[in-house]
Amino acid sequence: MTQKDISMQYRRLGHSGLQVSELSLGSWVTYHNQVDTSAAREMMAAAFDAGVNFFDNAEAYAQGQSEIVMGEAIKALKWPRLNYIVSTKFFWGLPAEGPTANRKDTLNRKYLSQAIDGSLKRMGLDFIDLVYCHRPDPNTPIEETVWAMSDMISSGKALYWGTSEWSAQDIRSAWDMAQRHHLHKPVMEQPQYHLFHRQRVEQEYSKLYDEIGLGLTTWSPLASGLLSGKYRNGVPPESRGAVKGMSFLVEGLTDSAKNAAVTKLEAVASDLGCTLSQLAIAGRRRSDPQTYS
Ligand SMILES: NC(=O)c1ccc[n+]([C@@H]2O[C@H](COP(=O)([O-])OP(=O)(O)OC[C@H]3O[C@@H](n4cnc5c(N)ncnc54)[C@H](OP(=O)(O)O)[C@@H]3O)[C@@H](O)[C@H]2O)c1
């Protein structure tokens, strides 16, 4: 791959004016579980030096610890606040003693209005750039969630809101409701998108890009590492598949049909003079101008 192929591009996040690097750095399994603050800081510095301006997080990652690690790294890095974008996401909640009502698996107004304060505290920030509803909540009316997310933006605690793994129909309903009531509209969605998982981004959402200007920040570009080829002979001891609590991924990571497809892709990568991982990411960058990962 030439230098030109890997130079960083910036794209507007959907119809918003926010310029986001097409490659971002996420902390999901890694921060706290696999690396400490010092290593996290090094990773963020390397990404930032390569042009990455978006760092993705969620309150549920490592049960809040991932936000703490990223917050400590940001503090140490002393970047100007205008030069980076951070996100968090709400839905699953955090472990706590006592009743779980209104603190787990919810997007109700009560939870959302308090969850943002917890994330701000853990990250040591005055505001979060992007906040996501991490999953749909069938037990809260979408209207209640839209009002609560819009109020979060109006309060200045967050700048843009969006969804993650919502259906096209629910995203459209949320957007229409916000439009009708002059509220802050959802700007972006965060779906899974890689060579083995394409339907939602390429088909289900296809109308939303033009009709409501939906932006995407997609996840798992390497299918959790499967597309690097590392799972063809089982689960390597230092890999994500071997991390405590990640066993739910193992069946997919070691799927023989998928790993056979990865071997076929390796020949394509070799012809192009790149690695499997580079091919998987470069293919996405070219095939979908709306997205980055
Ligand atoms: N909204 C959501 O619901 C949601 C869900 C999942 C993720 N996300 C976000 O998306 C981000 C990216 O997702 P992801 O971490 O699943 O991305 P991914 O790129 O699919 O997987 C990354 C993992 O693959 C392995 N890997 C990467 N490059 C490799 C290489 N060259 N050779 C061998 N192994 C390699 C590493 O795992 P090991 O070395 O540890 O094996 C690495 O941590 C997350 O951090 C999170 O911010 C969001």
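Quick note: the coordinates plus some simple rules give every number you see, no bench work behind them. Remember, predicted model here, so these are calculated numbers, not experimental data. Reconstructed Cβ throughout: ideal geometry from the backbone, glycine too, with neighbour counts over all protein chains shown.
In this simple spin-label model, placing a label point 7 Å from the Cα along the Cα-to-Cβ direction at both residue 100 and residue 79 gives a separation of 3.5 nm. Couplings for the stretch 110-115, taken from phi via the Karplus curve 6.51 cos²θ - 1.76 cosθ + 1.60 with θ = phi - 60°, read 4, 5, 4, 5, 9, 4 Hz in order; Gly and Pro are left as x.
In degrees, nearest 10, range 0 to 90: what is the angle between the Cα axis of helix 168-180 and the longest Cα principal axis of the chain? Relative to the chain, helix 168-180 is tipped by roughly 30 degrees.
Taking all Cα pairs closer than 8 Å and separated by 6 or more residues, the relative contact order of the chain comes to 15 percent. Computed from the C-beta positions of residue 39 and residue 261, the FRET efficiency with R₀ = 41 Å rounds to 0.80.
What does the C-alpha gyration tensor say about the overall shape of the stretch 61-183? Classify as rounded when a/c is under 1.5, otherwise prolate if a/b is larger than b/c, or oblate. Walk me through the intermediate numbers first.
Details: a/c = 2.10, a/b = 1.33, b/c = 1.58.
Since a/c reaches 1.5 but b/c is at least a/b, the shape of the stretch 61-183 is classed as oblate.
Close lysine pairs were tallied over the stretch 3-222: pairs 8 or more places apart or on different chains with Cα atoms under 18 Å apart number 12. Please list, in chain and number order, the residues 5+ apart from residue 163 or on another chain whose amide H is under 5 Å from its amide H, with Hs placed from the backbone. Sorted by chain and number, the residues that satisfy this are 133, 188, 189, 190.
So how strong a dipole does the chain carry about its Cα centre when Lys and Arg Cβ are +1 and Asp and Glu Cβ are -1, to the nearest 20 debye?
On the way: 31 positive and 32 negative charges, 47 e Å.
Charge dipole, the chain, about its Cα centre: 220 debye, nearest 20.
According to a simple spin-label model (label point 7 Å from Cα along Cα-to-Cβ), what is the distance in nm between residue 109 and residue 179? So the label points at residue 179 and residue 109 sit 2.4 nm apart.
Are there GluC sites (Glu not before Pro) in the stretch 71-174 that DSSP puts in a loop and that have at most 15 other Cβ atoms within 10 Å, and which ones? Write down the numbers at each step before the final one.
On the way: sites: 72, 97, 143, 144, 165; in loops: 97, 165.
When the GluC sites (Glu not before Pro) of the stretch 71-174 are filtered for loop state and at most 15 Cβ neighbours within 10 Å, 97 remain.
Under 5 Å between amide hydrogens, built in the peptide plane, is the criterion, and for residue 26 it picks out 56 among residues at least 5 positions away or on other chains.
Using 18 Å as the cut-off for backbone N distance, which residues of the stretch 70-99 belong to the label zone defined by a point 7 Å from the Cα of residue 248 along Cα→Cβ? Counting only backbone N, you get 89-96. Compared with the dominant Cα axis of the chain, that is its longest principal axis, helix 256-272 is turned about 70°. Across the chain, the volume of the C-alpha convex hull divided among the residues equals 138 Å³ per residue.
Using r as the Cβ-Cβ distance of residue 167 and residue 7, and R0 as 45 Å, what FRET efficiency do you calculate, to the nearest 0.05? Please list the in-between numbers first.
Details: r = 35 Å, r/R0 = 0.79.
The calculated FRET efficiency here is 0.80.
With a cap of 12 neighbouring Cβ atoms within 10 Å, and only residues DSSP puts in a loop, list the trypsin sites (Lys or Arg not before Pro) found in the stretch 68-139. Could you put the intermediate results ahead of the total?
Details: sites: 75, 78, 81, 89, 103, 104, 109, 110, 121, 122; in loops: 78, 103, 104.
When the trypsin sites (Lys or Arg not before Pro) of the stretch 68-139 are filtered for loop state and at most 12 Cβ neighbours within 10 Å, 78 remain.
Working note: Karplus 6.51/-1.76/1.60 with θ = phi - 60° gives the stretch 75-92 the couplings 4, 5, 6, 6, 6, x, 4, 6, 8, 9, 10, 10, 10, 8, 9, 10, 3, 6 Hz, where Gly and Pro are set to x.
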